[in-house]
Amino acid sequence: MSRQEKDALVAYVNSFKLSKPVTDFAQLSDGKALTEIMSTVDATHFKNVTSRGISSFTGASSENWVLRMNTLKRLYRLLLSFPLPAPHPSSLSLSKLPEPPFPVIAKSPATREGSQGLLQICRFCLATGVWASGNERVIIRIQRLKEEHMAELMKSIEQIMESLPAEHQSAQGGASPLKPSPDMSYSPPLSSLRAERDKLLQENDDFRHQCEQMMEQISDLSSKFEEAKEERDNAMKRLTENRTENGGSTVRARESVGSGETERLKTDLIKAEENLARSEEKLEKQASVLSELSKQIEDYKEQAAEATRLKDQLDEYRHTSERLRKSENVIEKYRKKLEESASLRREFRDLEEENASLVNTNSNLEAELKKANSSKTLLDNYKAQISSLEKQTVQQVTEIAKLNHHLELSQSQLETLQQQYEHHQLELQINQERLKEIELSGEASAESVKGKNIYGAGEVSLDDEIGGVEGSKVDTKTDLRLKIKSLQRELFDLKQSAPESYRIVALETLLEDANKSRDRYQGEYLKAHREGLRLQATLEQIRSGRGGNNSQTTAALKQRLDEVIEERDNLLKENQELEEAKAGLERSLQIVKTDLSLVGKDQREILASLRKSVENDASDLERERNDLKEQVHILKEKDRHNLEEIKKILVEKIDLQTAGIDQRERALEREKEFSGFGTTGPVQDIPTETQQRLLDLHEKNVILTTELGELKEKFEKLSASGGPVDHVAFEQAQLSYESQIMNLQSELAKLKQNKTVLQNQHKVEQQLMLSAWHNLGQRVVREHLYAAGTAAGKRSQGRPQPVAWLGRQRRIQEGATFAR
């Protein structure tokens, strides 16, 4: 509060066209200049102040502090209820400033407290004029003032802005307080409470206006009473003078007239005092009712704010329920994917167990074959094994015929398998050439010894090949059994899930695909059979010892050794990648376990972590599925290669049966040479080292395969242990959210019931208040009519119509009161 701010406000007030210019800041305490300014801002809202005829009681309002106080109060209430357009606050009632002391402002505006309260009212008038609709005129008037006055007015508006809530300060922080507001028509909210409040304030103002008029009447009556006293004193003086001058008769007549006039004036004064007392009582009652109504309005405001808050909270809960519903759908999808991946993991585990059993069987068969090498009945054993293999091959052919429709689904994989098949064919040719060169190498003098060595080496490789054939046979048979089981499960699922028409269509398509695959595989089988016969003839030529070169054999063996070393490196790389994948999966599992331990802390973080873990698991499972597919392709290729070897052995059997006596003798000689080679051992250095390296690589390959199986079993155990926990966490989160939603819905129902009860109670109270106001108005009208009637009766009965000036004024005033 500074002198410059007061001067700036006085200059701002004088910029308007007032009925009387303002020279001092204390002159604003009567409220007339401020009401005239606000009527120029909005004549509709501030019409209650200007329409009552300020000029009718100009002298009285400047002298009586009660009237000035009522004018300031009425102006302050209108300022608080004035609606402001966006982005400004809805009204100045949101300000945190206390109510100014109106009695102090009206009595002594020059004091510190009175000056501060008047300054607050002037600031409100300034802020309302700057923020109201159509504020261009007010801003133009402010811009015409001096710069120091404009700066002080800006500071005043900023002080009002600081007293508002924080959201309105942030909304107005980037704009200037003197910037014109957009030209938009303000549409006040359709609220019954606001209308009721305005109506009550209007009625209160009317009663205050009536009270002021009655106070004016009392002041007129008091002035009349003083005049009557003066007239009486004058009459008494004249009476005393006339007593001395005139006789006793005239004195008595004048005394009787003067005493009658005095009695009449006393009765009028008593009536005016009674009317004043009644008016004060009514005013007190109206003030108490107004205070109660203001309290109810504040309560209604709080309830409205609470209702809006509850509505926002309900919207938030509704959005939360929608998000939960969507998350439930996503969880259900992930659950289905996890179930599918679990079934794939189970199948993969079964395949690994079956593979381990097959590896054990293969090792047992190799041991048995090594023991059988020392016996003389090796050929008979070969024939028995070939016959058993033939029977098993017949069984496998029947099983293959049953599984043709499943093999038809892997047409896209046949191209890669064909490439691998050609690669193995190339390897077979290289090995055949090597064998041919080894058999035909050396000098003629050492031909028998070298032949024994060569045939001994051939015996070892043939045993290994037979062992590989046995292993591949068992492997192929087990794979086919697993495929039959999987196809039976798929057929059972289709029978349970699909309708009858879908089953028939699926069976027809499967039957058609099976017929096509059968024809195609028959053609491929005949082609492979012819190729096997051709290769058998080539092998027979090699065994007979025709052609060959030792240097070519050495080059072929070196090339094969390099290829085996590359395969060994690739297997080591794959093993390292699998170990890294295992470490990553263990880390992800640890993260998932830690996230699951925090289920009760934060539901949203749990959902996010679960989503991320499910996505990671899905990607890992997808990669694992691709790896499994590749392994299945490799196993299928090996199975096919083993079948071709079995076919070659069968062709050998047929050739051995039809060869004749010479071929049998040659076979016996070779068997003897093989047995001799087992005792003497190989002589040549290069083939022996190459064979030793091949055996070492084969052993390393077996070890790496077992380690890979163990790593996959560990991964399956870890993934199987992590799945149900995630599912339990999802169910717990879902149940907790559902319970919270139910509790919120029950609380919302209770709040709605309380709201309806309060609304009914408010309606009843409003009706009661309206009826009380109506009864009070009727009673006031009846009292006025009764007073007017009694006064008219007394005047008509007791005395003639008054002709003096005082009597005529009293008659006019009573007539005006009766008319109202």
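Each value in this text was obtained by applying a stated rule to the coordinates, not by laboratory testing. Small disclaimer: the values here were computed from a predicted structure and weren't measured. Here Cβ is always computed from backbone atoms with ideal geometry, including for glycine, and neighbour counts include all displayed protein chains.
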Neighbouring Cβ atoms within 10 Å as the yardstick, rank Ile270, Ile218 fewest first.
Ile270, Ile218
Provide, for q = 0.23 Å⁻¹, the log10 of I(q)/I(0) from a solvent-free Debye sum over equal Cα point scatterers in segment 272-378.
-1.14
I'd like the Karplus ³J(HN,Hα) series for segment 126-140: coefficients 6.51, -1.76, 1.60, θ = phi - 60°, whole numbers in Hz, and an x wherever there's a Gly or Pro.
5, 5, 5, x, 6, 8, 6, 5, x, 7, 5, 5, 5, 5, 5
For a label point 7 Å from the Cα of Arg144 along Cα→C-beta, name the residues of segment 1-39 whose backbone N is under 20 Å from it.
7-24, 33-39
The exposure ranking of Thr128, Thr23, Thr706, fewest beta-carbon neighbours within 10 Å first, is Thr23, Thr706, Thr128
Distance cut-off 20 Å, Cα to Cα: go down the list Lys96/Lys155; Lys107/Lys229; Lys333/Lys582 and report the pairs above it.
Lys107/Lys229; Lys333/Lys582
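Can you sort Asp627, Asp696 so the residue with the fewest Cβ neighbours within 10 Å comes first?
By the 10 Å Cβ count, ascending: Asp696, Asp627.
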Given a Förster distance of 41 angstrom, what is the FRET efficiency for Asp315 paired with Leu768, based on the Cβ-Cβ distance and rounded to 0.05?
0.70
To the nearest 0.05, how large is the calculated FRET efficiency for Gln745 and Thr23 if R₀ is 41 Å and r is the Cβ-Cβ distance?
0.05
FRET efficiency, Asp350 to Gln425 (Cβ-Cβ, R0 45 Å, nearest 0.05)
0.90
If you plug each phi of segment 615-622 into the Karplus form 6.51 cos²θ - 1.76 cosθ + 1.60 with θ = phi - 60°, what whole-Hz ³J(HN,Hα) values come out, in order, with x for Gly and Pro?
5, 5, 4, 5, 5, 5, 5, 5
